[in-house]
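Q: Structure below; questions to follow.
The values are calculated or read from the model by the stated rules, or taken from the named source; none is laboratory data. Predicted model only: the values in this text are computed from it and were never measured. Neighbour counts are summed over all protein chains in view; Cβ atoms, including those assigned to glycine, are modelled from backbone coordinates with ideal geometry. Surface areas here come from the heavy atoms of the whole protein model, side chains and all, with no ligands, DNA or RNA. Shrake-Rupley method; radii C 1.70, N 1.55, O 1.52, S 1.80 Å.
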Amino acid sequence: MSKDTFDIIVVGGGPVGAAAALALTQQGFKVVLLERGTAPPAYNASDYDLRVYALAPQSMRLLDQLGVWPDLAAARISPYGGMHVWERRPEHGLCFDCADGGRAELGWIVEHSLIVDALWRSLGSTASYQRAAIETASFDESSAVLRLADGRELRARLVVAADGADSQLRGLAGIDTAGWAYAQRAVVCHVRTQRPHRGIAWQRFLGSGPLAFLPLADGRCSVVWSAEEPLAKELLALDDAAFMSRLGEAAEHVLGEVVQTTPRVSFPLRLLHAQDYARPGLVLVGDAAHAIHPLAGQGVNLGFADVQQLAGTLAAARDAGRDWSGLRTLQSYARARKSANLEMLVLTEGLYRAFRLRLPGLKAALGLGMEAVDKFGPLKSWLVRQAAEA
């Protein structure tokens with residue numbers, strides 16, 4: 001049996017896993033990225049990826065530290081300087097502006113395929129990549145061993161699980177999760193509207209779930225409509241004209257009529273939180289540790305924050321002469337990130353439930369609350385700063 005030994009094995013080649021592999025390599029660790037599938041295709045600028053992320057400034061800073069942000073900025077990113085949130089009538093909603101927090105932008109809309117391509121190209125010259133499926137895994141205080149379907153065996157002092165919400169490694173380690181499915185699907189497409197988006201992200205809270213219009217660099221908007229299963233199925237079955245009409249009505253024509261749409265796709269929504277982020281020889285990052293409703297747009301930002309914390313914690317322990325892969329070091333990472341992630345999960349779940357409660361007068365009260373916050377400058381500034389650092 002072939003045996004290869006590394007400091008760290010990162011499993012999962014999505015944005016968070018690739019960022020983890022690159023960050024840890026740049027910290028001087030010997031790293032291999034293990035991915036079940038093939039390496040991602042080169043970014044295709046001729047077609048806009050339907051999967052996009054709203055990156056917060058903290059995520060931008062991480063990608064800049066990793067050396068990939070200039071490539072993203074040179075390709076195609078969509079900065080947004082405002083956010084408008086409402087429940088009844090857009091003029092009675094809550095408007096955030098980057099100026100409220102003393103910032104040039106609130107964030108950037110960036111395509112999944114562009115981020116992955118930039119990270120993998122940077123990894124190509126610094127870390128190794130292996131395509132393989134894992135059959136079994138064992139973890140202890142001194143090492144982790146992954147046995148692969150092709151008969152090989154990989155050994156490391158630490159494995160980083162970045163293999164998604166259905167993490168195989170989390171299951172092999174026996175780590176339980178709390179959470180539930182929302183019985184909702186996110187219906188996603190790109191649309192062109194009668195009026196320009198003006199670099200503003202728009203979101204309306206509907207009884208069936210939130211509806212977001214995210215500004216794209218080419219003038220269109222990326223739509224994420226979180227809807228209960230029956231409604232999602234209905235929206236997917238509509239022809240384009242009927243869907244655009246329905247979408248415009250749902251958004252109260254805040255950007256005028258919807259005049260063009262791409263084909264729609266959908267994915268199920270869930271909440272998930274791992275009981276443990278660290279075990280001897282193993283840590284979880286990204287969706288392997290937590291999955292969140294997209295209404296706050298924080299999923300990938302939480303994953304990138306995991307990466308930043310993990311790379312910093314391991315490097316600091318090593319440089320101080322401590323056991324960087326020991327459970328005490330891993331638990332230091334876990335405490336920091338579990339607390340921050342749980343806070344965001346609770347906040348997001350609270351918002352989700354508040355706008356779905358059908359209590360008499362509650363929706364009117366929430367609408368009035370938004371108006372009140374909109375008129376209170378110091379609170380708005382604080383909320384903008386919190387969102388930027390999420």
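Q: Just how large is the dipole of the chain about the Cα centre, in debye to the nearest 20, putting +1 at every Lys and Arg Cβ and -1 at every Asp and Glu Cβ?
A: Roughly 420 debye, rounded to the nearest 20.
Q: Another question, if that's okay. Can you give the net charge of the other residues whose Cβ lies under 13 Å from the Cβ of Ala132, counting K and R as +1 and D and E as -1? Present the calculation step by step, with values, prior to reporting the outcome.
A: Values: positive: Arg36, Arg131, Arg147, Arg152; negative: Asp4, Glu35, Glu135, Asp150, Glu153, Asp163.
Cβ neighbours under 13 Å give a net charge of -2.
Q: Normalised radius of gyration for the chain, please: alpha carbon Rg relative to 2.2 N^0.38 Å, two decimal places.
A: Details: Rg = 21.6 Å, N = 390, 2.2 N^0.38 = 21.2 Å.
Rg over 2.2 N^0.38 Å, computed on Cα atoms: 1.02.
Q: Could you tell me how many degrees, from 0 to 90 and to the nearest 10, lie between the Cα long axis of helix 112-123 and the main elongation axis, the longest principal axis, of the Cα atoms of the chain?
A: Roughly 30 degrees between the two axes.
Q: First select every other residue whose beta carbon is under 14 angstrom from the beta carbon of Ala75; then total the charges, Lys and Arg +1, Asp and Glu -1.
A: In short, -4.
Q: Under 10 Å, Cα contacts only: if you run a Gaussian network model on the chain, which one of Val191, Val307, Val265 comes out with the highest mean-square fluctuation?
A: Val265
Q: So what are the three principal axis dimensions of the range 1-76 from its Cα atoms, in whole Å, longest to shortest?
A: 44, 26, 17
Q: Ok, one more. Could you please report the charge total around Ala118, scoring K, R as +1 and D, E as -1 over all other residues with beta-carbon less than 12 angstrom from its beta-carbon? Walk me through the numbers on the way to the answer.
A: Details: positive: Arg76, Arg121; negative: Asp64, Asp71, Glu111, Asp117.
Charge balance in the 12 Å sphere: -2.
Q: To check you understand DSSP bridge types, tell me what percent of the beta bridges within the range 1-149 (both residues inside) are antiparallel, rounded to 5. If you can, show how the numbers build up before the last one.
A: Numbers: 16 of 24 bridges.
If I count the DSSP bridges inside the range 1-149, around 65 percent turn out antiparallel.
Q: Could you give each residue of the range 215-231 its phi-based ³J(HN,Hα) in whole Hz, using Karplus coefficients 6.51, -1.76, 1.60 with θ = phi - 60°, and x for Gly or Pro?
A: Result, rounded to whole Hz: x, 10, 5, 8, x, 7, 10, 8, 9, 10, 10, 8, 9, 4, 3, x, 5.
Q: By per-residue mean of other Cβ atoms within 10 Å, what is the highest-first order of 42-51, 276-285?
A: Ranking, from highest mean packing down: 276-285, 42-51.
Q: Roughly how tilted is helix 377-388, in degrees to the nearest 10 and between 0 and 90, from the longest Cα axis of the chain?
A: In the chain, helix 377-388 runs at an angle near 40 degrees to the longest axis.
Q: Further, regarding this structure: Output the Kirkwood hydrodynamic radius of the range 180-294, Cα pairs only, in Å rounded to one decimal. Intermediate values should be presented prior to the final figure.
A: Details: mean 1/r = 0.0650 Å⁻¹.
It works out to 15.4 Å.
Q: Same structure, new question: If you take the Cα Rg of the range 78-134 and divide it by 2.2 N^0.38 Å, with N the number of residues, what do you get?
A: 1.88
Q: Using the Karplus curve 6.51 cos²θ - 1.76 cosθ + 1.60 with θ = phi - 60°, work out ³J(HN,Hα) for each residue of the range 201-214 in order, rounded to whole Hz, and write x for Gly and Pro.
A: Karplus values, whole Hz, x for Gly and Pro: 8, 10, 9, 10, 8, 9, x, 8, x, x, 10, 10, 10, 9.
Q: To continue, here is another question. What Kirkwood Rh does the range 120-192 have if only Cα atoms enter the pairwise 1/r average? Answer in Å.
A: By the Kirkwood definition, the hydrodynamic radius is 15.5 Å.
Q: Shifting gears a bit: Can you tell me the Rg and the Dmax, both Å, for the Cα atoms in the range 23-177?
A: Both quantities, over Cα of the range 23-177: 19.9, 62 Å.
Q: Let me ask you something else. State the percentage of accessible surface on the chain attributable to carbon and sulfur atoms; use a 1.4 Å probe and exclude ligands, DNA and RNA. Let's see the in-between values first.
A: On the way: 8860 of 16420 Å².
Ligands and nucleic acids excluded, carbon and sulfur reach 54 percent.
Q: Here is a follow-up. Of the DSSP beta bridges with both residues in the chain, give the percent that are antiparallel, rounding to the nearest 5. Can you show the working numbers first?
A: Details: 54 of 79 bridges.
Taking every DSSP beta bridge with both residues in the chain, the antiparallel ones total about 70 percent.
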